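Working notes, structure below.
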Amino acid sequence: MKYDFAAIEPKWQKKWEEAKVYAAEDGSDKPKFYGLIEFPYPSGQGLHVGHPRPFTAMDIVTRKKRMDGYNVLFPIGFDAFGLPTENYAIKNHIHPAIVTKQNIANFTRQLKMLGYGFDWDRCVDTTDPNYYKWTQWIFLQLYKNGLAYKTTMPVNWCTSCKCVLANEEVVEGVCERCGSPVIRKEKSQWMLKITAYAQRLIDDLDDVDFIERVKIQQRNWIGRSTGAEVTFKATTGDDIVVYTTRPDTLFGATYMVLSPEHALIKQWQPQLKNWDDVTAYQKMAASKSDLERTDLNKDKTGVKLDGVAAINPVNGREIPIFISDYVLSSYGTGAIMAVPAHDDRDWEFAKKFGCEITEVVSGGEDVQKAAFTAKDETGILVNSSFLDGLTVKDAIPVITKWLEEKGIGHAQVNYKLRDWVFSRQRYWGEPIPMVWCDKCGWQPLPESELPLLLPEVESYEPTDDGESPLSKMTDWVQTTCPCCGGPARRETDTMPQWAGSSWYFLRYMDPHNNEALASPEALQYWSPVDWYNGGMEHTTLHLLYSRFWHKFLYDIGVVPTKEPYQKRTSHGMILGEGGEKMSKSRGNVVNPDDIVTAYGADTLRLYVMFIGDFEQAAIWSDNAVKGCKRFLDKVWNLAESCSDSLAYTKANEPGIHKCIKKVADDIEGMKFNTAIAAMMTLVNDMTQNGCSKGDMKSLITMLSPFAPHIAEELWEMLGFSGEGFVCQQRWPEYDASKTVASEISMAVQVNGKVRATITVPADADQAAIVAAAQADPKVQKFSAGMQLVKTIVVPGRLVNLIVKP
RNA sequence: GCCGGAGUGGCGGAAUUGGCAGACGCGCGGGACUUAAAAUCCCGUGGGAGCGAUCUCGUGCCGGUUCGAUCCCGGUCUCCGGCACCA
């Protein structure tokens with residue numbers, strides 16, 4: 001018989017489904033294991049070969065856990081709200097809900113075709129009202145706890161999507177999704193106070209097992225810095241508070257800079273002699289796009305405030321005040337003390353505007369030529385009165401204490417993280433369950449009215465005026481105030497796509513619950529997610545957002561753990577044959593359907609795991625896929641030709657035991673490529689040595705997490721199906737003593753160069769090994785007439801003989 | 001600029017508490033089977049020298065430590081990713 005994957009694969013998929021072999025059991029006595037993958041966005045293009053890489057990896061991990069006796073939860077769902085579906089719906093005049101349904105059906109077909117051990121009964125869809133009811137419920141809890149607020153501020157506006165973007169969605173000044181320029185637009189937006197959790201989002205990383213680069217990226221994004229807030233007096237008598245990380249350089253502050261949006265500027269209008277210049281500059285700064293404003297190559301610009309100055313509180317000197325867009329209104333206090341001698345940006349500005357540059361930290365080059373910014377022990381304070389002679393590190397606490405005693409400053413921590421802009425002016429998202437009443441202000445919808453359904457509209461087109469399509473639905477918008485019963489208006493913006501994905505892993509624990517997002521028992525049993533694998537691109541988006549929501553849910557007693565995910569790993573991208581990203585426009589997209597048709601799902605699964613280091617990017621190769629198919633053919637042929645004995649073949653036994661351990665360790669360490677290589681080596685050896693049914697039994701069991709269909713078929717073919725499915729068997733027993741051969745081969749070096757290989761009994765002592773090495777003719781050739789000075793023996797590996805003439 | 005990661009055959013990649021560099025796979029060369037091709041099987045496959053046994057060079061580059069370095073240390077170059085006027 002031939003290996004007929006096209007018949008085998010659907011056969012076993014059906015049998016697994018009927019027997020519900022992958023169903024997770026609530027509250028089982030077995031230890032639980034919750035393995036999670038990032039649920040896909042069901043795009044119209046269907047599954048991409050990038051998907052099977054992380055999916056197969058976690059499928060292998062969870063299958064192995066089942067074989068180790070765990071009660072496994074390995075769920076799947078769809079993150080189905082989002083712009084591509086909405087845009088497709090607009091273009092083709094189909095309701096997004098219909099498009100979503102079709103796409104989910106196609107994704108489901110493809111995922112089932114690949115034989116993943118998902119518990120399909122727990123499948124979730126973020127666009128299902130029974131699901132987004134709870135997304136809305138969480139929003140209401142955030143609102144009730146003061147963590148959701150509406151404010152008018154300049155926000156990132158994507159000119160193409162016609163929609164507001166979160167800080168995290170803007171990459172190098174353009175829209176993360178479509179690449180169009182992002183401009184700043186003044187808009188009233190719902191915000192989530194993620195900044196209230198900044199410190200905990202950093203601190204709690206210490207307690208979880210995330211790969212280091214994820215932790216580093218999150219810490220950098222949150223951007224904690226320590227320093228001091230210092231109050232300067234203006235000549236008008238007003239206080240100007242600045243934030244600095246270098247209070248030690250206070251004596252070197254020779255001017256101040258306010259951001260163009262700073263509130264004091266308006267207040268000073270009567271005193272300012274160049275008011276027109278000031279307002280012109282403010283206007284210019286406000287009109288700049290993000291890209292222009294953050295361009296580091298451009299010259300520093302600014303305007304000196306004519307008529308108002310500040311007093312440096314440490315030395316009483318009067319210093320000028322400027323406004324400039326290199327100071328951001330949204331960080332710190334929106335005002336800085338400028339120390340041009342010890343800050344590159346201030347130095348550049350000072351040179352252009354002719355400000356004084358005073359050295360207060362010695363140890364660098366001439367500060368008139370470049371700023372000296374070192375913060376280590378190389379710098380010693382000078383020109384700084386009582387700080388003179390101290391290092392930077394020692395001076396900071398001294399000056400901070402001094403500021404506190406004088407009541408003009410205090411230690412301060414700041415974060416780069418900003419609050420999360422949560423409104424989107426689009427149709428295909430969760431309605432925000434809030435109502436505006438002219439009398440009562442913003443009112444939350446009563447929880448009993450959830451879900452607030454997304455209404456049917458005539459057109460989903462986004463509008464140029466920045467209003468959501470929902471705003472045109474007058475009968476939906478007009479409502480009554482939940483507080484006073486008077487006329488009121490609904491919020492017409494929707495939630496961002498990141499809302500539904502911020503808590504979906506909780507819904508999997510109890511997906512059909514109508515009373516709560518999940519029952520306390522289910523949450524208690526399954527939390528936290530034991531292992532979550534996903535893309536690095538979500539590190540400062542989904543991963544950060546969902547940690548924030550989870551911490552909030554913990555605080556209000558809904559979930560039992562501080563952190564949602566115990567372990568986080570990440571996979572590399574799969575690139576097209578030229579090493580470029582796969583994309584429709586490049587025409588290098590590989591469709592999993594084609595590979596499955598040509599070679600079968602097991603080959604595809606094996607290939608995406610064998611392709612290279614799981615964490616690194618990998619280049620797709622049609623040719624290399626064939627190698628995996630050949631391997632499965634060899635396994636098939638081996639099964640057909642094996643002997644009937646149920647015992648291990650003597651010659652194969654050590655190799656089988658080594659492989660059992662190697663594959664188990666490699667799965668745990670996500671080194672799937674070397675796990676497969678080990679099985680290939682074993683199969684090659686078994687082909688050489690001949691093999692028994694007993695050998696095959698272990699091989700098939702080890703292979704089953706990787707290539708589950710062929711494993712089931714061979715299991716049945718060899719007559720093991722009476723013991724149940726192979727995917728329900730225990731992992732083969734490993735016996736270290738069986739891996740030890742009676743004789744071992746060792747390399748012999750003379751002066752560090754390999755000259756020979758000797759075979760010695762495994763239990764030979766050092767003297768015997770050295771004697772055997774010296775007896776080797778090749779070794780004698782290189783050591784003849786020389787004196788043995790030293791011998792190094794590394795047991796089981798090599799002997800090094802050091803000789804001298 | 002700051003913070004990460006990576007440089008190993010024709011290619012994807014193995015091997016690090018410092019111990020035989022190139023596992024496994026692809027590709028390629030030769031052979032078997034075939035009328036032929038595909039598939040399959042066998043042999044070979046880092047560079048250089050030699051008929052050969054062998055010798056020699058070799059993990060981006062330069063140095064160091066060591067009996068021994070892809071691995072550790074110092075320096076340097078290149079590529080990739082993230083952040084970026086965050087005071």
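Just to be sure I understand, how many residues within region A:523-541 are touching a residue at least 24 places away in the same chain (Cβ under 8 Å) and either polar (S, T, N, Q) or open to solvent by 10 Å² or more (accessible area, probe 1.4 Å) (or both)?
Counting residues in region A:523-541 that are touching a residue at least 24 places away in the same chain (Cβ under 8 Å) and either polar (S, T, N, Q) or open to solvent by 10 Å² or more (accessible area, probe 1.4 Å) (or both) gives 10.
Out of the helices (runs of 4 or more DSSP H) lying entirely within region A:76-167, which hold 1 or more residues that are free of Cβ contacts under 8 Å to residues at least 12 places away in the same chain and not β-branched (Val, Ile, Thr)?
Helices (runs of 4 or more DSSP H) meeting the threshold: A:83-92, A:96-113.
Surrounded by 14 or more Cβ atoms within 10 Å (Cβ to Cβ), over 28 Å from residue A:399 (Cβ atoms), within 10 Å of RNA strand B (Cβ to nearest atom) and in contact (Cβ under 8 Å) with a residue 40 or more places away in the chain: does that describe residue A:282?
no
Looking at (1) charged (D, E, K, R); (2) within 20 Å of residue A:330 (Cβ to Cβ); (3) not in a helix (DSSP H, G or I), which is the one condition that is false for residue A:177?
For residue A:177, the exception is condition (2).
If you check residue A:306 against the conditions, is it surrounded by fewer than 18 Cβ atoms within 10 Å (Cβ to Cβ), without any contact (Cβ under 8 Å) to a residue 60 or more places away in the chain and in a strand (DSSP E or B)?
yes
Please determine, by comparing only the residues of region A:603-632 that are more than 6 Å from RNA strand B (Cβ to nearest atom) and open to solvent by 40 Å² or more (accessible area, probe 1.4 Å), which one is modelled with the highest pLDDT.
A:610
Quick test for you: out of A:748, A:794, A:754, pick the one residue that is without any contact (Cβ under 8 Å) to a residue 60 or more places away in the chain and in contact with an Asp or Glu (Cβ under 7 Å, 6 or more places away or on another chain).
Checking each option against the conditions leaves just A:748.
Considering every residue within region A:97-107, establish whether at least one is within 23 Å of residue A:493 (Cα to Cα), open to solvent by less than 10 Å² (accessible area, probe 1.4 Å) and of a type in the set (Val, Ile, Thr).
Scanning region A:97-107, I find at least one residue that is within 23 Å of residue A:493 (Cα to Cα), open to solvent by less than 10 Å² (accessible area, probe 1.4 Å) and of a type in the set (Val, Ile, Thr), so the answer is yes.
State the number of residues belonging to region A:215-244 that are farther than 24 Å from residue A:272 by Cβ, free of Cβ contacts under 8 Å to residues at least 40 places away in the same chain and either open to solvent by 50 Å² or more (accessible area, probe 1.4 Å) or near RNA strand B (Cβ under 8 Å from one of its atoms) (or both).
The total comes to 3.
One line per residue, one yes/no per condition, for (1) within 12 Å of RNA strand B (Cβ to nearest atom); (2) closer than 29 Å to residue A:371 by Cα:
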| site | (1), (2) |
| --- | --- |
| A:246 | yes, yes |
| A:254 | no, yes |
| A:267 | no, no |
| A:271 | no, no |
| A:275 | no, no |
| A:288 | yes, yes |
| A:298 | yes, yes |
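Would you check if residue A:27 is touching a helix residue (DSSP H, G or I) at 6+ places or on another chain (Cβ under 9 Å) and within 30 Å of residue A:495 (Cβ to Cβ)?
Answer is no for this residue.
Can we say residue A:514 is farther than 28 Å from residue A:668 by Cβ, surrounded by fewer than 22 Cβ atoms within 10 Å (Cβ to Cβ) and more than 16 Å from RNA strand B (Cβ to nearest atom)?
It is true that residue A:514 is farther than 28 Å from residue A:668 by Cβ, surrounded by fewer than 22 Cβ atoms within 10 Å (Cβ to Cβ) and more than 16 Å from RNA strand B (Cβ to nearest atom).
The values are calculated or read from the model by the stated rules, or taken from the named source; none is laboratory data. Since the structure is predicted, the reported quantities are computational estimates derived from the model, not experimental observations. We place every Cβ from the backbone using ideal geometry, glycine too, and count neighbours over all the protein chains shown. Each accessible area value is taken on the protein alone, full model and side chains, heavy atoms only, with ligands, DNA and RNA left out. Shrake-Rupley method; radii C 1.70, N 1.55, O 1.52, S 1.80 Å.
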